[in-house]
Structure formats: C-alpha cells, structure tokens
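Chemist: Structure below; questions to follow.
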Amino acid sequence: MKKIKDLQAWIKGYEDVEKACEELQLSLDFFKEELVSEAEVDAIYADTLTKIEALELRNMLRREEDKMDVVLKINSGAGGTESQDWASMLMRMYLRWAEKNGYKTSIANLLEAEEAGIKSVTINIEGDFAYGYLKSENGVHRLVRVSPYNAQGKRMTSFASVFVTPLVDDTIEVKVEPALLSWDTFRSGGAGGQNVNKVESGVRLRYQYTDPYTGEKEEILIENTETRDQPKNKENAMRQLRSILYDKELQHRLEEQAKVEAGKMKIEWGSQIRSYVFDDRRVKDHRTNHQTSDVGGVMDGDIDDFIKAYLMEFAGSQDA
C-alpha cells in the first residue's frame, strides 16, 4: 500500500503539472485575443512554476530514508538562559513549520530550564518526506540579538544544536540485543511540580552500543514521558532506539561517499549552518548562502526556501 501511495503521488504530481502547463498555454492564446489580462497570465504562470518546482523538489528526495517520519532533537548550547530561550524559539519554529505543512507532531521528551526556555526537547514529526525535508536542519544554529536577559542591553550570541534522524517503523529491520537493554522508571510532570504523576509512567532506556565498524562503545540514553501509560512510553522509547541505530548505519554509508562528506559540516560549536541576526533583520544559511530579511516569518516556521536551497544544492550529490 505504501508503494501504491507513493506511485499515485508521482502520477498526480505529473498530471497536475501537465494540466497547469496546458492552462498556461491557453492563457497565452487568450491573452493574444484579449480575453484575459496580463495579470491573470502572470498568476497562472506563477502557479505553474510553483507546481513544477514542488515536483522537482520531491525528485530530490529519492533515498529510502527520505520518505520516513523524523525524530528532531534540540539541545541548548553554552550560555545559560539566553541559549535555553533560543532552543525554545527553535522548537516553536519547527512546530509551526510542521503545522503549516500538515505534519503530525508529538513531544517525546521535554526538559525545561529553571528560568526560561528549554534545555532540550525531542519531537516526533510524522508525515510524507518529513525526514527528507528536515535533514537540511541538522547542525548548529546561531542567534545574534540584544538579549532581554542582559541588563546592559548588550548584543549576545547564542547557539543551539539540532539533531535530525529518520523515525523508523516496523518495516525497517534493526537488530536490538535484549541483553544490552536496561530500563528505569520515574515520575513525570510539568514545570513547578504541577500535574505530577502518582505512578512512575516516565521511562528511561539505556542501551550499551558497540559500533560494528570501529569497535567504539557508548551508552545510548533515551527518556520518554510522552504519555501517562508506561507500556506506551516503553514502546515509544524502543522506536526511538531503533531510529538511532538505523541512523548510525545510515551515517556509516554516507561517510563512505566522498561527495557527501565534502558537503557536510560537523555538528560542533563554531561550525554553525545558519545564523539568525535579529538586529540586522537577516537569516543566512552558510552552506547555500540563501538568506532572507523576513526574520519574523522564519521564526513562524517559514523555512521552506532554506530547505529547498539545501536540497537543490546537495541532494543530487547524495544520490551520486
């Protein structure tokens, strides 16, 4: 059924573009006969161009994992309240983007900060090609603004890192060794002790992972407080674990591709992928040099142009 749905989407996309091109040709003929205005032709042309570009963008997402749902995690950087506030602003930006594009979202885990903002959040975003679009957001995001938390009104720079992994489903085979798993449970609740559970519904999963290629060992830690149902939270945590293990294998394959590696930036301080400069009303992506002065729109989730610029420049090399 998934394959049928995918093929139907391609057929519909092609038919929509074909129909739009025919309407554009007709509008030009009608314009010559003075039956429609130049403004009407321009509107039809713009609509046709939008449909062609949307289909072209979809064509950039050919990898198996591009079609999957996504786990998006945001961590605040060094800088205390300012960076924690920035992390919460990014969370809102991605939630607004998902809402505008008709994606389903759920907060798998949220760690709120003491004064303002968040320390970290894990968001599940479900919908067609969610990972394909959001993989462009993987990296360090830098904010420059006059901080409301600075008494001297100084210009402050803050960082937050965004990690994006495909959310695998049951159709993906990922080997999880039960002997390497351990569980803890805890009570979960809102800020300030409100709505605290009387039962330990929150779960903490620990998995002792050994990289099969390098032999390096690490402990994968996942917390889930998504629901008040402990078994459901365990199921969600296991799904996230499978997603992480799948992503590790995926990253190994990507690292073997020289063209992809050349275009990637390591996720570390000082190698930000995008800067948001509020005072200068400018948001710039350092990988594609795409920028906009509509800071408010970007923070409200209008990041499609950044995603498109990234995919048009780098997606082709990933398929090479």
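Chemist: Out of (1) at pLDDT 80 or above; (2) within 20 Å of residue 120 (Cα to Cα); (3) in contact with a strand residue (DSSP E or B) (Cβ under 8 Å, 6 or more places away or on another chain), what's the single condition that is false for residue 217?
Modeler: The number of the failed condition is (2).
Chemist: Restricting the stretch 220-256 to residues that are out of contact with any strand residue (DSSP E or B) (no Cβ under 7 Å at 6 or more places or on another chain) and part of a loop (DSSP other than H, G, I, E, B), which is farthest from residue 108 (Cα to Cα)?
Modeler: So, considering only residues that are out of contact with any strand residue (DSSP E or B) (no Cβ under 7 Å at 6 or more places or on another chain) and part of a loop (DSSP other than H, G, I, E, B), the one farthest from residue 108 (Cα to Cα) is 256.
Chemist: I've got another one for you. Give the stretch 39-70 a look and list any residue that's under 22 Å from residue 93 (Cα atoms) and either out of contact with any Phe, Trp or Tyr (no Cβ under 8 Å at 6 or more places or on another chain) or part of a helix (DSSP H, G or I) (or both), or say none.
Modeler: 54, 57, 66, 67
Chemist: OK, next. Filter the stretch 85-136 down to residues that are over 19 Å from residue 305 (Cα atoms) and among the acidic types (Asp, Glu) and give me whichever is surrounded by the most Cβ atoms within 10 Å (Cβ to Cβ).
Modeler: Ranking the qualifying residues of the stretch 85-136, first place goes to 85.
Chemist: Could you say which residue among 20, 98, 46, 9 is under 22 Å from residue 242 (Cβ atoms) and out of contact with any Gly (no Cβ under 7 Å at 6 or more places or on another chain)?
Modeler: So the residue among 20, 98, 46, 9 that is under 22 Å from residue 242 (Cβ atoms) and out of contact with any Gly (no Cβ under 7 Å at 6 or more places or on another chain) is 98.
Chemist: A further question on this structure: Filter the stretch 126-168 down to the residues that are at positive phi, small (Gly, Ala, Ser) and assigned to a loop (DSSP other than H, G, I, E, B) and list them by number.
Modeler: So the first thing to find is which residues in the stretch 126-168 are at positive phi, and the list is 127, 129, 139, 153.
Okay, now just the ones that are also small (Gly, Ala, Ser), so 127, 139, 153.
Selection gives 127, 153.
Chemist: So which residues in the stretch 169-211 are modelled with pLDDT of 85 or more, part of a helix (DSSP H, G or I) and either hydrophobic (A, V, I, L, M, F, W, C) or under 29 Å from the mean Cα position of the chain (by Cα) (or both), if there are any at all?
Modeler: Those that are modelled with pLDDT of 85 or more, part of a helix (DSSP H, G or I) and either hydrophobic (A, V, I, L, M, F, W, C) or under 29 Å from the mean Cα position of the chain (by Cα) (or both): 179, 180.
The values are calculated or read from the model by the stated rules, or taken from the named source; none is laboratory data. Owing to the predicted nature of the structure, the values given are computational and were not obtained by experimental measurement. Backbone-built Cβ (ideal geometry, glycine too); neighbour counts: all protein chains shown.
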